[in-house]
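The values are calculated or read from the model by the stated rules, or taken from the named source; none is laboratory data. Since the model is a prediction, treat every value here as computed from it, not as a measurement. Note that each Cβ is placed from the backbone with ideal geometry, even for glycine, and that neighbours are counted across all protein chains shown.
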């Protein structure tokens, strides 16, 4: 199958050819015809499968054709794409510009972390497509900077992540401002959890469903390796692993913002070209760090789970879980940064004794064995036992260990509620409680 066989316009085919795209991915081949036929769509696909083009190409085609006959004095947007993070919004905006370079279709990106002035000007000039994070879009709605009354296509990208981050009330407010008739809604999600289906039932009309991967599936080219290590030797083991190939691009996940900064500083003092990316960084700092990592100026990027989804880092060879995620599902999202588009990838996890239970949760989720390898010189003073029954949950202490300290954060099962003020991920909305996220009234993090 080719893009031409999907009925795409010559202008789109030309742009795709210039970028070296000749054959559609499975999600593109399945979704593009359904979108072009006007159906609402629920599409399940992991990151790295080309799902952005699956909705962007037919959307650009329709708007490009309509441009010739539409009222050019009506500058109200026709399509709205909602995403959970600033980085993903910027990436989709870039893709729209690349795919539509030979079409007279305009897109504007609206997200937090930067001033509103430039966004206001873009909205007032007029745009066909808005790519937005929910929080910043509502800011513009409240200030009457944007008119959504003409929106006829809504795309919810990474819908499960938006619900995880507490954006359910924001999504309801936004969709309440959209036209209720003649709107096509496209929902893309890694999973079809009950909350996703509840969302679809409220705002979609007889949606077609496409599931390209099993829930919690990971790319077949990713090799999982676990290194047991005492907590006070984690940093030295990380140095040892990075030094084995200092030119290799490596994404390192830490649990906390403060820990990510400390780890990045530690690696920098040992000669690595390193940057950190997390929610406390300004948007300019986050953009610069990601650009430096993609270009090779930085070889190690230390991140919290803000980077677990949506970042398109081509040919990333390795991901390191310096801290295991508190929720097993986030392991899948983290390592989805490597092994993309059929490439080989390596997922390394440095596991202290306190994280043994978290590793068991991950193995149960993946339903596969994980290679366990002890590194000479870093042998732990305990034996990793993945078949041991999970210990009863204990209420965590007041203090949590940060990355870079000589002790690890105490592990707890994902279903244990955290005390007020503590979060397992720095990007989740205050008040969210695991599977209660859809029913809760949490205030969303403004991406």
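Before moving on, here are some points about what is shown:
- Test result for residue 144, without any contact (Cβ under 8 Å) to a residue 12 or more places away in the chain and outside any helix (DSSP H, G or I): yes
- Residue among 62, 104 that is crowded, with 16+ Cβ neighbours inside 10 Å and either modelled with pLDDT of 90 or more or in contact with a helix residue (DSSP H, G or I) (Cβ under 8 Å, 6 or more places away or on another chain) (or both): 62
- Of the residues 137, 60, 123, the single one that is assigned to a helix (DSSP H, G or I) and out of contact with any strand residue (DSSP E or B) (no Cβ under 7 Å at 6 or more places or on another chain) is 60.
- Qualifying residues in region 341-357 (those that are assigned to a loop (DSSP other than H, G, I, E, B) and either closer than 17 Å to residue 254 by Cα or touching a strand residue (DSSP E or B) at 6+ places or on another chain (Cβ under 8 Å) (or both)) - the one modelled with the lowest pLDDT: 344
- Of the listed requirements (1) in a loop (DSSP other than H, G, I, E, B); (2) more than 22 Å from the chain's Cα centre (by Cα); (3) buried (at least 21 other Cβ atoms within 10 Å of the Cβ), residue 166 misses just one: (2).
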